[in-house]
Amino acid sequence: VGSRTIRDAHTMRDDDGKQITNPTLLEGFAHSSNIYYARAIFDRWKDNPSIYTSFLDGLLFNSHIGLEEFGAKKGIVPPPDSKTWKRNGGKNWVLPQMPYGYIVEIPPIQTLTFYNGVANRGKMVAPRFVDRIERNGVVMEVKPTVTLLERMCSEQTIDDLFKCLEAAAVPSRTNRKLVGLPVEVGCKTGTAQLWGAFPTLSAIDTLHFKEGFGKDKHLYYLGSLVAVMPLEKPKYTIMVAIAKEKTDTHTNYYGITLTGDVMHDIIEFLHTNDLSLHESVERSSRVYTPTMIKHGRAPSVALVAETLCNINYNNGYDTEWCSATVDDSGSTKIETLNIESGHVPNVVGMGLSDALFLLEQQGLSVTHSGYGRVVKQSLQPGSIAHTKGDSKQG
């Protein structure tokens, strides 16, 4: 393409395994094809590349978008008359590389802001950390929403982009990293080779970056993944970016390989903790009362009866053990269980832990099968507890 040889990491194939030779926009997006985008942009704008760079400039890729007070840098999309183009061989070398992420410099927060604008149906807003600052419950400062672009593109383009995000999230495109999520998502992966200056807290990585890369040198990959969720009506836009040095066992990396598991965990966490993403449960007008209460320690039985059956059973605290029965009308009857030393207690209807405690307290050797509430016992209640015998319960 132009004067550059453009390669993809894999051959584009359809669901039947047949090679895609003339991909559509959706297929190029879903397969993250360098070749598709290099050809599409170069063939369309090679005679006037400034139209392409001006369009990107209009999407604020060349501007500050907020958070400058925290050290955020602006993106860099060099125009055709810049030294960058001349230094890198002119339009035949530069223009084919720009569409898939080289020559340009886009901070991750700016990439996230762009995709958030897509999820927002074309309205791009500036990033912010908080919406207000409070002190002792009093609002001291409000951080308003700042709209950067009221409309990034046409409604039709937004619809097409949502279809692309959906196509890129299918299991075959994401190495099954986003399978099993409780909510449908759309996504876009990215992979880039890194060189030069790169922010890192690792001293060895800093040294390796300064040394550059090439044959017998260090090579780093930056894997990125942006996701919007839920796809039908997005509430969250998430970006994960991870840099990783190649090793003898991992000679290259892909965006989804580096970031997919992290993204999966983030989406599950957000879905679990955001009740607005779940269907609401309507409160029933019918008062529910349990049909059974386990026998056992009286204070516990009394608490269950009072909480679930709305019965104030104060006498339940005057005895140690009791039984509880619920009739068809929902009325609960609680009776004292007399535990006679040296005799087999009646543990039918008790919870297993209470039953084991009582039986072993009488010196019995106990075996059991099953779990939950005792439905039968092998020794007759009230009989002499022979400590060398067995009392079986199920």
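Here are some notes:
- For segment 255-278, a residue qualifies if it is part of a helix (DSSP H, G or I) and out of contact with any strand residue (DSSP E or B) (no Cβ under 8 Å at 6 or more places or on another chain), and the qualifying residues are 261, 264, 265, 268, 269, 272, 273, 275, 276, 277.
- The condition of being crowded, with 20+ Cβ neighbours inside 10 Å and at pLDDT below 85 holds for only one of 213, 209, that being 209.
- Pair list, Cβ under 7 Å, 6 or more apart: segment 333-351 residue within 14 Å of residue 361 (Cβ to Cβ), other residue outside any strand (DSSP E or B) and open to solvent by 80 Å² or more (accessible area, probe 1.4 Å): 344/380; 350/294
- Residue among 83, 123 that alone is under 30 Å from residue 232 (Cα atoms) and either open to solvent by less than 30 Å² (accessible area, probe 1.4 Å) or free of Cβ contacts under 8 Å to residues at least 40 places away in the same chain (or both): 123
So that you can scan it fast, the table gives a plain yes or no per residue for (1) touching a residue at least 40 places away in the same chain (Cβ under 8 Å); (2) outside any helix (DSSP H, G or I); (3) in contact with a helix residue (DSSP H, G or I) (Cβ under 7 Å, 6 or more places away or on another chain); (4) more than 19 Å from residue 234 (Cβ to Cβ):
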{"residue": "128", "(1), (2), (3), (4)": "yes, yes, no, no"}
{"residue": "158", "(1), (2), (3), (4)": "yes, no, yes, no"}
{"residue": "164", "(1), (2), (3), (4)": "yes, no, yes, no"}
{"residue": "205", "(1), (2), (3), (4)": "yes, no, no, yes"}
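- Pairing each residue of segment 1-15 that is closer than 29 Å to residue 170 by Cα and open to solvent by 50 Å² or more (accessible area, probe 1.4 Å) with any residue that is modelled with pLDDT under 95 and not acidic (Asp, Glu), provided the two are 6+ apart or on different chains, yields C-beta distances under 6 Å for 11/19; 13/19; 14/20.
- Residue list for segment 236-252, filter: within 15 Å of residue 267 (Cβ to Cβ) and in contact with a Leu (Cβ under 7 Å, 6 or more places away or on another chain): 236, 237, 239, 240
- When we screen 202, 172 for residues that are open to solvent by less than 40 Å² (accessible area, probe 1.4 Å), of a type in the set (S, T, N, Q), at pLDDT below 90 and within 31 Å of the chain's Cα centre (by Cα), the only hit is 202.
- Test result for residue 95, modelled with pLDDT of 95 or more, among the aliphatic types (A, V, I, L, M) and touching a strand residue (DSSP E or B) at 6+ places or on another chain (Cβ under 9 Å): no
- Residue within segment 277-284 that is in contact with a Lys or Arg (Cβ under 9 Å, 6 or more places away or on another chain), more than 30 Å from residue 9 (Cβ to Cβ), open to solvent by 30 Å² or more (accessible area, probe 1.4 Å) and of a type outside the set (Val, Ile, Thr) present: yes
- Residues of segment 25-40 that turn out to be farther than 16 Å from residue 98 by Cβ and either open to solvent by 70 Å² or more (accessible area, probe 1.4 Å) or not in a loop (DSSP other than H, G, I, E, B) (or both), as a count: 5
- The set of residues in segment 316-371 being open to solvent by less than 60 Å² (accessible area, probe 1.4 Å), assigned to a loop (DSSP other than H, G, I, E, B) and over 18 Å from residue 306 (Cβ atoms) consists of 337, 339, 342, 344, 345, 347, 348, 349, 362, 363, 364, 370.
- Assessment of segment 100-110 against the conditions (at pLDDT 95 or above, buried (at least 17 other Cβ atoms within 10 Å of the Cβ), hydrophobic (A, V, I, L, M, F, W, C) and not in a strand (DSSP E or B)) yields no matching residue.
- Checked against the criterion of being at pLDDT below 85, open to solvent by 90 Å² or more (accessible area, probe 1.4 Å) and aromatic (Phe, Trp, Tyr), the candidates 288, 253 yield just one match: 288.
- Yes/no for residue 51 being assigned to a loop (DSSP other than H, G, I, E, B), in contact with a helix residue (DSSP H, G or I) (Cβ under 7 Å, 6 or more places away or on another chain) and of a type in the set (A, V, I, L, M, F, W, C): no
- The residue of segment 134-165 that is most open to solvent (accessible area, probe 1.4 Å), among those that are closer than 24 Å to residue 61 by Cα and acidic (Asp, Glu), is 150.
The values are calculated or read from the model by the stated rules, or taken from the named source; none is laboratory data. Please read all numbers here as calculations on a predicted model, not as lab measurements. Because the Cβ atoms are built from the backbone with ideal geometry, glycine has one as well, and the counts that use them run over all protein chains shown. Quick note on the areas: whole protein, heavy atoms, side chains included, nothing else; ligands and nucleic acids left out. Shrake-Rupley method; radii C 1.70, N 1.55, O 1.52, S 1.80 Å.
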